[in-house]
Each structure stands twice: as structure tokens, then as C-alpha cells.
Amino acid sequence: VSVAHDLLYASVEERREFFLEHSDAENARVLVAVGQQLGSPWAIFRDDPCGFIEIALGEGLWSQQREMIERFGATTRLAVAASHEVSKTHSAARLVAWFVMTRPYGSALVLGTADTWAHTRMIWPHLHALHRRHNLPGRMLDTAWQINGIEVAFGRAVANHAPDTVQGYHAPEFLLLVDESGGIPIPLGRAFEGLLASDGTRCLAIGNPPLIAESWFERIYGSDEWEHLTIGADASPNLTGEDTEECRAC
């Protein structure tokens, strides 16, 4: 218990070093003690999404994937322009799980959306697989995640011609995930930003280069109010040969 208490006040680097130096069995005992103090063992990773993925889930990360996840953990607005097949949707699913699992159930809400309903649905197979693989709590519906009967994440596509329908989503902590952002027109994007006016809100906008002229994604990528990250196809470890960390999730 004293170790768990010390870890709560340790820096992210000190915490991560401790967990990586100990066995999974030893870490599990520490996390049980953390759960007794915070109500959830996952809460210790509230400020450390990479720690949640690598230590709690036991999954490995490659360099650009790590940068995307760390950047999102350190900001509230992140726009990621990424090529195909560079793990952006895979990473986004892990960030959704991190956001939900490290906060009290019912206090956090995730809305996933995109330029079309088909694109809105793209992240959900990743979330379903993540939920099964790690035996996460609650149940997965087609495009919704419920814990204790409370909806903690759901998907919804909003018609480009009806931006005024983007309203009414509130939670003490709210994450807006916008996939295929290059197809979002500016009026709809501004409506999305209206959801981010209060404290406790975050947004992750990911996509390929803009699909439409003067898209919202193009506007926010040039804005000082947003953090930006570009991940090119040539960064993929499939092309660079980068060694990735061993995955312990199995």
C-alpha cells in the first residue's frame, strides 16, 4: 500500500520506470492497492496514456504512434494528418479506452464521429477487439460502449447540412473524436468546436489530407489553438524496419 501511495505522487517517468522494472504479477498487486485508494487501478494512468497502453494493457508502441499518444495526453486539441496504414485508428481506439478507463464511470463521455456514417463506424471493430482482448468492463454494442448501464462512448455521424444538431452532449470530461476530418466542412467543424467550449473537454481530429476545399481540418491544422502532428507513410515500421517493443498482452 505504501508503494502505491508513493506512486500516486511520483512523476510519470518515475512511475513508468517502476512498473517496467517489476514483473506483471508484482505490478498487479500494486494496482490492486491503487484501486483501493482511487476506486480503479487504471486511474493512476490518468495523465499517462502511453503508460496505460504499455503497462496496463501490455501492448507495444512504435515511435510515431507513441508521439501521437503522448502529444494527445499533454494537450486538449490535437489534429493528426496521417497517411493510410500508420495505426491512426488503432491508436485512437487505445486513447478512447484510456480516457474511459482512467476516469470514474459516468464522469467521462466519448463521442466518435466522422464525415460519413461508414467512416464513423471504422473505429468500432478496433474497440470491440480491444474490449475482448483485455476483458475490459461493461458491454459493447454495435457503436456504443456501456458500463454499469451508463453509456461511456458512442458513435454518431452528423449530416453536413445540419450542423445545428450537434448539441446536448455534456459530461464533466468529454472527448470528441473526429475521424476522416478532411471531409468535414467548416460549418460542421465549428459546431463540433462548440462542444469544446467548457473545461474538461478534449478533441482528437485525425485524417488524411483534406478531401474537400477549405475543410475544417485544413483550418484547424493552420490554427495556433491546436497542436499538430503529421505522420507520413514512410514513417511506418513496415517500411523503416523500426524495432517495436515486445507486446505482453497475450
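Quick look at the values:
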{"item": "Any pair with Cβ under 8 angstrom, 6 or more apart, that starts in the range 142-155 at a residue that is in contact (Cβ under 8 Å) with a residue 40 or more places away in the chain and ends at one that is open to solvent by 10 Å² or more (accessible area, probe 1.4 Å) and among the polar types (S, T, N, Q)", "result": "VAL152/GLN146; PHE154/THR143; GLY155/THR143"}
{"item": "Out of ALA33, ALA4, ALA28, ALA43, sole residue that is within 25 Å of THR201 (Cα to Cα) and either small (Gly, Ala, Ser) or not in a helix (DSSP H, G or I) (or both)", "result": "ALA43"}
{"item": "The range 1-54, residues that are touching a residue at least 60 places away in the same chain (Cβ under 8 Å) and on the phi < 0 side of the Ramachandran plot", "result": "ASP24, SER40, TRP42, ALA43, GLU54"}
{"item": "Selection count where residues are in a loop (DSSP other than H, G, I, E, B), modelled with pLDDT of 90 or more and over 18 Å from ASP179 (Cα atoms), scope the range 137-167", "result": "5"}
{"item": "Cβ-Cβ under 7 Å pairs, at least 6 apart or on other chains, the range 103-123 side aromatic (Phe, Trp, Tyr), far side in a strand (DSSP E or B)", "result": "TYR105/ILE147; TYR105/ILE150; TYR105/VAL152"}
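The values are calculated or read from the model by the stated rules, or taken from the named source; none is laboratory data. What you see is a predicted model; the values in this text were computed from it and never measured. No Cβ is skipped: glycine too gets one built from the backbone with ideal geometry, and neighbour counts run over all protein chains shown. In case anyone asks, the SASA skips ligands and DNA or RNA and just uses the protein heavy atoms, side chains included. Shrake-Rupley method; radii C 1.70, N 1.55, O 1.52, S 1.80 Å.
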